[in-house]
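Enquirer: Dropping the structure in here first, questions after.
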Amino acid sequence: MKAIYAVLMVVFAGIFCYSLTAVFSYHKDAGENKRETEEIMREVIQKTPQRYEDKTAGQQIDFEKLKHINPDAVGWIVFNEPYVNGPLVQTVDNSYYLEHSFRKKENMAGCLFMDCRNKSFDDRNVVIYGHNMLDRTMFGSLNDVFREQFWEESERDIIRITDGQQHLRKYKIFSCYIAGEGEDYNATSFSDAADYTGFLKKITARSFRKTDVIVTADDHILTLSTCAGAEGADKRRVVHAKMVG
């Protein structure tokens, strides 16, 4: 019995040490990533509010400088400030930026990135992925959309993306839900208008909250996706928004 007890103690100690190391690494990477994003913001954001009625749109990005830092840069996203305000990237797969920061350093907090299947922001469904970070960075604050108080503040449901040509695109949320394994929510191309219409009806019907935003086959949409945390490892927290400007 003593021998078995000793073995169990060693096993439990090993698990504890591993867990402690993982937690430490997680928070370390999250902190480093947050500081990196803040540094990039200071380098590339140019405040020009006098050119826009929309105060958030007064944030003009120096994309030449941004692309010098990382050629994979394709845009800048602002949503639910101050939590989502940073660069978007795209590369040849949907795995690299799960574990690399904008400066391409290994980091488990990753970077917000566009689906590799998207050809441009003119696609019918532009899909963006990010980790559900505990400190609310990346897409950690998408949880807010599932709370009633989020909807009490005007304009909070607007997502803004500036592309590499300095075109500001505004999207208004029309659906949000937890997607189960195998549920289609991130298709980027469609065979025809009927196929796209069926997709829109499906993702609208899933929403935990009904909105007054109507989407048709003539519309372009944005999809934000992150892991669902306590909801399950194979589930995703999804937010869809219609381009309105």
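The values are calculated or read from the model by the stated rules, or taken from the named source; none is laboratory data. Here the structure is a predicted model, which is why all the values come from computation and not from measurement. Cβ coordinates were reconstructed from backbone atoms using ideal geometry, including for glycine residues, and neighbour counts include every protein chain displayed. The area values use the complete protein model at the heavy-atom level, side chains included, leaving out ligands, DNA and RNA. Shrake-Rupley method; radii C 1.70, N 1.55, O 1.52, S 1.80 Å.
Enquirer: Kindly establish whether ARG124 is at pLDDT 95 or above and either out of contact with any Cys (no Cβ under 6 Å at 6 or more places or on another chain) or crowded, with 21+ Cβ neighbours inside 10 Å (or both). Show your work before the answer.
Expert: Working: at pLDDT 95 or above: yes; either out of contact with any Cys (no Cβ under 6 Å at 6 or more places or on another chain) or crowded, with 21+ Cβ neighbours inside 10 Å (or both): yes.
In short, yes.
Enquirer: Kindly indicate whether SER175 is open to solvent by 40 Å² or more (accessible area, probe 1.4 Å) and closer than 28 Å to LYS201 by Cβ.
Expert: No; evaluated as a whole, the condition is false for this residue.
Enquirer: Could you pull out the residue among GLY198, GLY182 that is more than 16 Å from the chain's Cα centre (by Cα), exposed (fewer than 15 other Cβ atoms within 10 Å of the Cβ) and at pLDDT 95 or above?
Expert: That would be GLY198, the only listed residue that is more than 16 Å from the chain's Cα centre (by Cα), exposed (fewer than 15 other Cβ atoms within 10 Å of the Cβ) and at pLDDT 95 or above.
Enquirer: Of all residues in the range 201-214, how many are open to solvent by less than 40 Å² (accessible area, probe 1.4 Å) and closer than 11 Å to VAL239 by Cα?
Expert: Of the residues in that region, 2 qualify.
Enquirer: With the range 145-245 as the region, which strands (runs of 3 or more DSSP E) entirely inside it contain at least 1 residues that are touching a residue at least 60 places away in the same chain (Cβ under 8 Å) and among the charged types (D, E, K, R)?
Expert: Numbers: elements: 158-163, 168-179, 221-227, 236-243.
It comes to 158-163, 168-179, 236-243.
Enquirer: Can you tell me which residues in the range 91-103 are assigned to a loop (DSSP other than H, G, I, E, B) and surrounded by 16 or more Cβ atoms within 10 Å (Cβ to Cβ)?
Expert: Correct list: THR91, ASN94, SER101, PHE102.
Enquirer: Going by what's in this entry, would GLY75 be described as at pLDDT 85 or above and either open to solvent by 90 Å² or more (accessible area, probe 1.4 Å) or not in a helix (DSSP H, G or I) (or both)?
Expert: When the stated conditions are applied, GLY75 passes them.
Enquirer: Name the residue that is nearest to the chain's Cα centre (by Cα), counting only residues in the range 58-85 that are under 19 Å from CYS116 (Cβ atoms) and small (Gly, Ala, Ser).
Expert: GLY75
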